[in-house]
1. I'd like to compare 162-169, 218-225, 197-204, 14-21: which one has the highest average count of other Cβ atoms within 10 Å, and what's the full order after that?
2. In nm², what is the average projected area of the convex hull enclosing the Cα atoms of segment 122-183?
3. Hey, what does the equivalent ellipsoid look like for the chain, semi-axes from the Cα gyration tensor as sqrt of 5 times each eigenvalue, largest first, whole Å?
4. How would you rank CYS53, CYS288, going from fewest to most other Cβ atoms within 10 Å of each one's own Cβ?
5. Can you find, among ASN60, MET21, VAL79, the residue sitting farthest towards the positive end of the charge dipole of segment 9-93, where Lys and Arg contribute +1 and Asp and Glu -1 at Cβ?
6. Starting from the coordinates of the alpha-carbon atoms of segment 213-272, obtain the Kirkwood hydrodynamic radius over all distinct pairs and give the value in Å to one decimal.
7. Please report, to two decimal places, log10 I(q)/I(0) for segment 189-237 at q = 0.21 Å⁻¹ as given by the Debye formula with identical point scatterers on the Cα atoms and no solvent.
8. Tell me, what HN-Hα J-couplings in whole Hz come from the Karplus equation 6.51 cos²θ - 1.76 cosθ + 1.60 at θ = phi - 60° for each residue of segment 89-95, using x for Gly and Pro?
Amino acid sequence: MNALQPGSTIGILGGGQLGRMLAMSAARYGLKIHIFDPAKDAPAAEVAATHTCASYTDGNALASFAKACQVVTFEFENVPKASLEQLAGAVPLHPGLASLETSQDRLTEKQFLERLGLNVAPYAAIDGPDAIERAHTALGGDTVLKTRRLGYDGKGQTRLQTADIDAHQAWQAIGAAPAVLEARIAFVAEVSAIIARDIDGNAVAYDVPVNIHKDGILDTSSVGQFSAFNVTPDLTRQAQEAAVKVAVALEHVGVLTVEFFVTEQGTLLINEIAPRVHNSGHWTMDACLHDQFDNHIRAVAGWPLGAPERHSDAVMTNLVGPDVEELASHAARPDTQIHLYGKADVRKGRKMGHITRIAPRT
Ligand code: ATP
Ligand code: MG
């Protein structure tokens, strides 16, 4: 694929806030965005040239979408496999099917990471309550049960904390779907590596943020003076190298994120991978020469990557549900950048926007 010329169209599967921020970067490069999302009020559609409002399984709509785009990417990885295959047969799809299929299923993903020699939290594959009971004991009696597919923001998960668990109840709690049971890791911090890889295989890595979750949802991501945990240069390098290894194995084009636990021994265990721009990389918009959205657009457009260097220290805080009602106090702080996603309904647990506090790098 040749580098896209200004005026060309990039299709994005999914029209949430990630698609919206991708569209805003693309517009700066003179590239048009075509959003494919079943929701009429998709946040990205507001800032995109075109919106196909159709189901991810609508073959005719997918065919017209592919015709209208020079390349297709995604902000949402749970698009059905048949739809992805249809698209991949009709238009360049970046990242490709390998990235999508591997990360759609937690078990496939863990097996893939282990084959690469990367460390994941101890786990077992689960197909019913009996397997839960056996594995829970074997994994040390404090575990997290997660559906293999379709989990996000801590949904499709349940924690099992005691020795005498009700395995039937746990199985029902996650919808009686194929699952994995993971040992609960007593981590000292959570960090993530966000990298971008271009069509020629060149990769750049962002600085590694420290991520804090609240109620299973990312609350803050911080770098530099705002981080309570010191990510050493050695840990940074290990995290970035693991992410690049994953990207190379998947022949990934675009941004890829790897979430890690830092153990009490100071080692890294991979929690999960996301084959896309990520909430823990939103601070790059305000603290880096080129942000994760810029570099994703550049990569899928066949352009060279931009420098990821960080010029500022930053802490990004998600505005979840009613948090967004505190807007006036954030707006009153001159060191705080505000990013709102244009979502009309405030709902509990819904990501409405984020703010980034920035200071010159120390
Ligand atoms: P997201 O889409 O926000 O990344 P998700 O639904 O894919 O979330 P995970 O990343 O698997 O969920 O888990 C969410 C959070 O729950 C983790 O970031 C971590 O804080 C906690 N968690 C999950 N699994 C474990 C584990 N095995 N040990 C300790 N904490 C865990
Ligand atoms: Mg996660």
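1. My ranking of the peptides, most packed first, is 14-21, 218-225, 197-204, 162-169.
2. Its Cα hull, projected and averaged over all orientations, spans 3.5 nm².
3. Each semi-axis is √(5λ); the values are 31, 25, 21 Å.
4. In order of increasing Cβ crowding within 10 Å: CYS53, CYS288.
5. Towards the positive end, the residue furthest out is MET21.
6. After inverting the mean inverse Cα-Cα distance, the result is 13.1 Å.
7. Cα-only, vacuum Debye calculation for segment 189-237: -0.76.
8. Once rounded to whole Hz, the list reads x, 10, 7, x, 10, 10, x.
Read the figures in this text as sums done on the coordinates, not as results from a lab. This one's a predicted model, so the numbers in the text were calculated from it and none came from an experiment. Positions of Cβ are generated from backbone atoms using ideal geometry, with glycine treated the same way; all protein chains shown enter the neighbour counts.
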